[in-house]
């Protein structure tokens with residue numbers, strides 16, 4: 001009798017084992033809708049299409065072949081007006097070639113306020129008058145004066161540029177000698193002013209140099225040897 005009981009117990013275990021397996025299979029079965037691809041969209045959902053944002057529209061002030069002044073580099077010529085997409089934003093910009101520095105600048109049209117048109121003939125004539133006037137002598141330290149001169153050179157204002165040329169001009173009795181830094185600032189201001197004279201008056205570099213040197217009271221030999 002005890003042996004028969006053991007067989008029954010084994011049969012019960014087998015039956016229970018089968019039931020447990022079936023229950024596990026049922027649990028692993030999931031809703032087929034949940035297994036659908038995550039990238040699929042329901043009819044209610046709409047696919048978002050990213051549009052390229054355009055730069056705020058601003059009226060173009062300059063055209064190709066126009067001369068303009070960029071404060072930190074001086075006179076340049078617009079060679080092209082182009083478009084580019086940067087960070088999904090469409091930008092329109094000027095290509096400006098700076099002849100003296102052999103440099104091409106890219107200036108967005110929405111930043112064209114940093115540019116200015118070249119001066120008029122009347123403004124050039126006023127610059128000549130400034131060059132003819134006496135230089136201002138300041139007793140402050142050279143480091144402070146040098147900073148002021150550099151700010152004037154990079155201001156983009158032609159009258160301030162002419163004042164720097166006049167004040168640092170060495171061919172007079174007041175300023176006998178020039179340090180290396182003074183000479184550098186003078187030459188930088190002189191070339192910037194000269195390039196604008198050339199663009200406005202449409203004269204050769206040699207003729208402009210003669211005109212400026214005459215106003216400054218400089219000898220032609222000095223400018224040629226510098």
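Where a number appears in this text, it was derived from the coordinates with a stated rule and is not lab data. Please read all numbers here as calculations on a predicted model, not as lab measurements. Heads up, the Cβs are rebuilt from the backbone with ideal geometry, glycines too, and the neighbour counts pull from every protein chain shown.
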Given the convex hull over the Cα atoms of segment 53-117, what projected area results after averaging over all orientations, in nm²? 4.3
Give me the compactness ratio for segment 121-225, meaning the Cα radius of gyration over 2.2 N^0.38 Å. 1.01
Could you list 141, 212 in order of exposure, starting from the residue whose Cβ has the fewest other Cβ atoms within 10 Å? 141, 212
Segment 53-117 - percent relative contact order, Cα under 8 Å, separation 6 or more: 32
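Applying 1/(1 + (r/R0)^6) with R0 = 30 Å to the Cβ-Cβ distance of residue 84 and residue 181, what FRET efficiency is obtained, to the nearest 0.05? Intermediate values should be presented prior to the final figure.
On the way: r = 39 Å, r/R0 = 1.31.
Approximately 0.15, to the nearest 0.05.
Which order do 107, 165, 68, 128 fall in if you start with the one that has the fewest other Cβ atoms within 10 Å? Write down the numbers at each step before the final one.
On the way: 107 18, 165 27, 68 21, 128 15.
Ranked by crowding around the Cβ, least crowded first: 128, 107, 68, 165.
Please sort 78-87, 154-163 by packing, taking for each peptide the average over its residues of neighbouring beta carbons within 10 angstrom, highest first.
Details: 78-87: 12.0, 154-163: 18.6.
For the peptides 78-87, 154-163, the packing ranking is 154-163, 78-87.
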